[in-house]
Structure formats: structure tokens, C-alpha cells
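I have placed the structure first, in the form of C-alpha cells, so that the comments after it can refer back to it.
The values are calculated or read from the model by the stated rules, or taken from the named source; none is laboratory data. Since this is a predicted model, take the numbers as computed values, not measurements. Neighbour counts are summed over all protein chains in view; Cβ atoms, including those assigned to glycine, are modelled from backbone coordinates with ideal geometry.
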Amino acid sequence: MKVLGIETSCDDTSVALYDSGRGVSANLLSSQVDLHGVFGGVVPELASRAHLVNLLPMVDLLMERQQLRLRDLDGIAVTAGPGLLGALLVGLSTAKALCFAADLPLVGVHHLEGHILANALTADLVLPATVLIVSGGHTEVVHMPEVGVYERLGGTLDDAAGEAFDKTAKLLGLPYPGGPPVDAAARRGHPGRFTFPRPLMSDSRTVFSFSGLKTAVRTVVEALPRPLDDQTIADVCLEAQEAIVDVLCHRLFQAARRKHARAVYLAGGVAANGRLRERIADEAGRRGLHFLPPERVYCTDNAAMIAYAGWCHLAAGRTDPLSLDSFARAPLASWR
Ligand code: KG4
Ligand code: ZN
């Protein structure tokens, strides 16, 4: 079964082909980082326009490289939400038009399900699993007894973990998105020079709060002499990252223990973070839980995860009508 995936929920245009016989046979990405970088964040209107310009040529390129015609496909999967409405609509309208033209089934995928199932592109899933979804817009813990069944255990009360990385980077004058440069700078950092808060650590609920960290980093950074030297930047990055990783790790394993999970997984852009992957691998090993981090290309937004999730739906006989709407927000619901 061959499924074309389309992802345009935020600032990356991506198209991919998942072939149940071969796995991911193509995963194309057009990043808009340069477009939004000067604004220090994603500008929704610019994102929609760039998707509009890039999407169809990327579909054409993928089909040409794979030597496929539309009618060789078994379906088209597209991110229906959550995300930026204008950006989502470009992907959804394109998917609908292609499905209508070639009489193909359409599958709308929840972006977070895509991120979760990205783990299945690296190795077969071990279930039941507890998943930590950490991206620019989300910080959630979801329990997954089987593919298509999702129980949300909790999430952030304010900022997402990715935002905490992005805001730390901005305060230090590092480029957007901030996760990768903070991750890289932290490797050169010396521990112990700064201390940042770990809010709600003693709370028994599955909750996170990152807005206090942003304030704490700002207070520390504003008191430092200018210009900031590289070592100081690295030292702040290291401790801010440790604070974020500490709370993420703590909550994930607390939830996994309660749910008697056999495995823990990471999902979303922040799952690319080297320190987070290392800490979760260590802790999972100590607790006898299975853990294999997703490949980094499948952590940040990509259409391969959407194509694969779409294939799971199609294989279970679930499709959507051409009247499907996009949505800016909605919790991840079970479909099985
Ligand atoms: O999943 P994603 O690509 O888009 C959303 O759905 O939000 O996640 C983007 C987020 C950004 O906040 C970015 O700074 C963060 O993921 N990120 C990282 C790393 N790579 C990307 N955060 C920490 N360390 C990284 N290596
Ligand atoms: Zn995402």
C-alpha cells in the first residue's frame, strides 16, 4: 500500500511517501527557517503563502522521482490539525483536490498522532507505551496501549518545552528556532555557575510549567555584563537545558510507572535534544523499560510520520470525507 503524506501545520512544507512494503521511500522538506528567522518566530501569513508556493511542486517532484502517477497511490494522508489554520488549509485543500481528481481515499491525521507514530519508523513499537510529546506548541504525556488508542495524562499549564528553548535562545541572542543552538552550546557549558527553577516537581499530577524558567533566565541574563561571552552563553544554556530535561524526565517516568508501561517514547521537535535523549535512555535502562529515540529527521515536523499514521488508518479501514475541515486546536482522540 502506497500513501502520500502532506504536512503543512506550521513553518515546514513536507511531502513523503510511505510504502507498506518498503517503509518511507521519500521524505521531502522545505524549511521556512530563513523566512521567519528575522522575525524571531513564525509569521502565520508568510507560512501559508510559502506552503502555497512550495507544496504542489514538491508533490510533483516526489511523484516524478518515485516514477509514480496519482492513481498508483492507495490514499493521501494530510495533517488536519492542530496548527496554524491558514497553513493547515493549504495542505488540506491540496490533499482534497488530489483525492478528488484521482478518486483516492483521504485521511486526516492529528499532528500529535503523527509525532507519536514517528517512533514506529525507527523500529516496531513496544506497547503499552507512555509517550512524552515535546514540541514548539505542545508538552503532553500520552499513554498508548495500542496504535489508535490515546489517553492524555496531562500537559503544560503555560509554555511548551520547545518555547522554553526558543525563549532562552532569544534572550541569549542565539538564532531561531532556539532548540538546536541551545543544545549545541550546552555541550560546551560548565555546570554549577547558574541555578534555574524546576517548577511543580513535587506535584503528583502530570503537569508542567515553563513560564517561570523564562523569567528566571531573563533575570540572570539581564544582570550579566555585556557583551555576553561564549562561555557564559554555554553555561546558561547548560543549566536552562538541565532544568527543562529534569522536569520532562521526572514526569515521563512518573506517568509510565503509574500506567505500567513497557516502553517510553519521545516525540516532537524537542525529542531531537541530545541531553534529553541521553537522560531518558539512562533512566529507562535503570527501570527496565524499552526506549529507542526516533531518528532526528522524524522528530521535527515531517510528512513521513503523517504518511505512516495515514497508512495505519487506511489499513484499519478508516477514511475521511472530502468535507473534512482543518482545526487549530483539539485534543488527540482515539480512533480505534
Ligand atoms: O515538532 P516541531 O518541529 O514543530 C512543532 O510542532 O512545534 O518542534 C519545533 C520545536 C522548536 O521549539 C525547536 O526549538 C525545538 O523543537 N527543537 C529542539 C531541538 N531541535 C528542535 N529543542 C531542543 N533541542 C533540539 N535539538
Ligand atoms: Zn510538530
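Side notes on the structure shown:
- Scanning segment 139-162 for residues being surrounded by fewer than 23 Cβ atoms within 10 Å (Cβ to Cβ), within 16 Å of ligand 2 (Cβ to nearest atom) and not in a strand (DSSP E or B) gives a total of 1.
- Selection count, segment 16-42, where residues are within 16 Å of ligand 1 (Cβ to nearest atom) and closer than 16 Å to TYR298 by Cα: 6
- Hey, LEU238 over 24 Å from LEU35 (Cβ atoms), surrounded by fewer than 20 Cβ atoms within 10 Å (Cβ to Cβ) and at pLDDT 95 or above or not: no
- First in segment 98-126 and touching a residue at least 24 places away in the same chain (Cβ under 8 Å) and in a helix (DSSP H, G or I), second anywhere and among the charged types (D, E, K, R) and away from ligand 1 (no atom under 16 Å from the Cβ), Cβ under 9 Å, 6 or more apart: ALA102/ARG69; ALA102/ARG71
- All of VAL207, VAL236 fail the test of being of a type outside the set (Gly, Ala, Ser) and either over 25 Å from the mean Cα position of the chain (by Cα) or under 27 Å from ARG286 (Cα atoms) (or both), apart from VAL207.
- Within segment 122-138, being among the hydroxyl-bearing types (Ser, Thr, Tyr) and either crowded, with 20+ Cβ neighbours inside 10 Å or modelled with pLDDT of 95 or more (or both) holds for THR130, SER135.
- Boolean, PRO191 is in a loop (DSSP other than H, G, I, E, B) and at pLDDT below 95: no
This table checks each residue for (1) within 16 Å of ligand 1 (Cβ to nearest atom); (2) over 20 Å from GLY40 (Cβ atoms).
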| residue | (1), (2) |
| --- | --- |
| TYR176 | yes, no |
| ALA184 | yes, no |
| GLY189 | yes, yes |
| ASP203 | no, yes |
| SER211 | yes, no |
| ASP235 | no, yes |
| ASP246 | yes, yes |
| PHE253 | no, yes |
| VAL264 | no, yes |
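- Pairs with Cβ under 7 Å, 6+ apart, first in segment 45-69 and hydrophobic (A, V, I, L, M, F, W, C), second modelled with pLDDT of 95 or more and part of a helix (DSSP H, G or I): ALA47/ALA87; LEU52/VAL90; LEU55/VAL90; LEU55/GLY91; LEU55/THR94; LEU56/THR94
- In the set ASP282, ASP325, only one residue is out of contact with any Pro (no Cβ under 7 Å at 6 or more places or on another chain), of a type in the set (Asp, Glu) and more than 30 Å from VAL182 (Cα to Cα); that residue is ASP325.
- Scanning segment 214-233 for residues that are closer than 17 Å to GLU163 by Cβ, within 16 Å of ligand 1 (Cβ to nearest atom) and modelled with pLDDT of 95 or more returns a single hit, VAL217.
- The single condition among (1) away from ligand 2 (no atom under 16 Å from the Cβ); (2) in a helix (DSSP H, G or I) that VAL270 does not meet is (1).
- Checking GLY83 against (1) assigned to a loop (DSSP other than H, G, I, E, B); (2) modelled with pLDDT of 95 or more; (3) within 17 Å of the chain's Cα centre (by Cα); (4) farther than 14 Å from ILE306 by Cβ, the condition it does not meet: (4)
- Long-range neighbours under 8 Å by Cβ, at least six apart or interchain, first residue surrounded by fewer than 20 Cβ atoms within 10 Å (Cβ to Cβ) within segment 243-266, second of a type in the set (Phe, Trp, Tyr): ALA263/PHE291
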